[in-house]
1. Just checking, does the range 87-109 include any residue being at pLDDT below 75 and either of a type in the set (G, A, S) or under 16 Å from R121 (Cβ atoms) (or both)?
2. Could you list, in sequence order, all residues of the range 114-133 that are of a type in the set (K, R), more than 17 Å from K62 (Cα to Cα) and either surrounded by 14 or more Cβ atoms within 10 Å (Cβ to Cβ) or modelled with pLDDT of 80 or more (or both)?
3. Test each condition in (1) modelled with pLDDT of 85 or more; (2) within 12 Å of the chain's Cα centre (by Cα) for L73 and report the one that comes out false.
Amino acid sequence: MAKLNKYVCPTLPSNSGITWHEEHGLDTHLCTAIRTKDSKMLFSVDLGRYGWESSDPKMAHKFKGVIAGYSVLWHFYIYSNTGKTEWESIFSIPVRQEPRPFWIFARLPQNNRHDTREALRLLATMQLVLPKK
């Protein structure tokens, strides 16, 4: 029998205008934030017990930011072959009585400035629901 995934998408303000599209993996839980008024993806948050590696931190512009009240470092990429941009941040939180930390991998796709500001604002104010044993 498969183990039930114990991750839950973060909570957002009730008036955020966002719904979560969820995908469960063996060790991760992908939460994609979809704006209800136009069905546009604003950002995604991947939650899990194993760390990820950034695409190429040496090639990124770095910016300080906040996700769910935690200070983070955003990596901003401009891909030379396509000109597309992407923001990503990877960080972990120690969880009491757990052998491994809880990892969060947040990603913003190429968006206009208004959508990027909205996504960063929502990411800063969302509340993480830490897994229970």
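1. Narrowing the range 87-109 to residues at pLDDT below 75: 94-102.
Filter once more, keeping what is either of a type in the set (G, A, S) or under 16 Å from R121 (Cβ atoms) (or both): none.
Checked the range 87-109: no residue is at pLDDT below 75 and either of a type in the set (G, A, S) or under 16 Å from R121 (Cβ atoms) (or both).
2. Just the residues of the range 114-133 that are of a type in the set (K, R), to begin with: 117, 121, 132-133.
If we keep only those that are more than 17 Å from K62 (Cα to Cα) as well, we get 121, 132-133.
Within the range 114-133, R121 is the sole residue that qualifies.
3. The number of the failed condition is (2).
The values are calculated or read from the model by the stated rules, or taken from the named source; none is laboratory data. Predicted, not measured: the structure shown is a model, and the values here were computed from it. In this analysis, Cβ positions are derived from the backbone assuming ideal geometry, glycine residues included, and neighbour counts consider all displayed protein chains.
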